[in-house]
Amino acid sequence: MSDLSQPLLYSYRRCPYAMRARMALEYAGIAAEIYEISLKDKPAHLLQVSPKATVPVLVLPEGKVIDQSLEIMHWALRQQDPDGWLNTDHELTQTLIAENDGSFKQALDKYKYAIRFPERPAEIYRKQGELFLQKLEARLNVSVFLLQDRPTLADIAIFPFVRQFATVDSIWFDSSEYLKLKVWLKRLVESELFKQVMEKQTHHETV
């Protein structure tokens, strides 16, 4: 691998973990090389720096490797945090993200890939995921975003997973009772921050 002049992020465009890492880097104004991997042909250097070989993985110029999406987000915000994402109700932020990454993500995976979990119908897995959606809807009845009237770390860390849940059966979601959540999701999907990080990337031959 050539010497890095700036951070290198191994990413997969549609992965929600990679999405939130890219959004934090973009928000913090960090110019990182984005290496879009192929799940069927992962680059040797990725396997070398992070044997678990799941994205996102951030390689810093000095050689440090960060291979957890939340750690990448926190690293980016420690460099620059113009809207004070890290200063917003740390305990509540942690609680919401932990439920998102835990029980909600488990329900999401089973709902999305219900054919792999035939012991129950997809609707049961959806109802399990809805327990978290109901909590988010209740929070959005109080403020425009999850913690206040502008996005914070909690919104950006959770949003890609709710977006994925909504697309499993978009007809159901569009007609669902989660009125505030649908507005919240639309705002984030249409945000410049999300549009910028979803631009297609190409492989970098320097790696």
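Students often forget the sequence filter, so: which lysines lie under 19 Å Cα-Cα from LYS186 once same-chain residues fewer than 8 apart are removed?
Qualifying lysines at Cα under 19 Å: LYS135, LYS195.
Output needed: percent of Cα pairs per 5 Å distance bin for segment 87-192, bins running from 0 to the one holding the longest distance.
Calculated over all Cα pairs of segment 87-192, the distribution is 2, 13, 24, 25, 19, 10, 5, 2, 0 percent.
What is the projected area of the convex hull of the Cα atoms of the chain, averaged over all directions, in nm²?
12.0
For LYS112, list the lysines whose Cα falls under 18 Å from its own Cα; do not include residues on the same chain fewer than 8 positions away.
LYS112 reaches LYS127.
Just from its helices, what would the mean residue ellipticity at 222 nm be for the chain, if runs of 4 or more DSSP H residues each count -39500 (n - 2.57) and the sum is divided by every residue, rounded to the nearest 500 deg cm²/dmol?
Computed ellipticity for the chain at 222 nm equals -15000 deg cm²/dmol.
Exposed loop sites here are GluC sites (Glu not before Pro) in DSSP loop states with at most 13 other C-beta atoms within 10 Å. What is the longest stretch of the chain lacking them?
1-61
Throughout, read-outs are computed from the coordinates displayed, never taken from laboratory work. Since the model is a prediction, treat every value here as computed from it, not as a measurement. Here the Cβ is made from the backbone with ideal geometry for all residues, glycine too, and neighbour counts use every protein chain on show.
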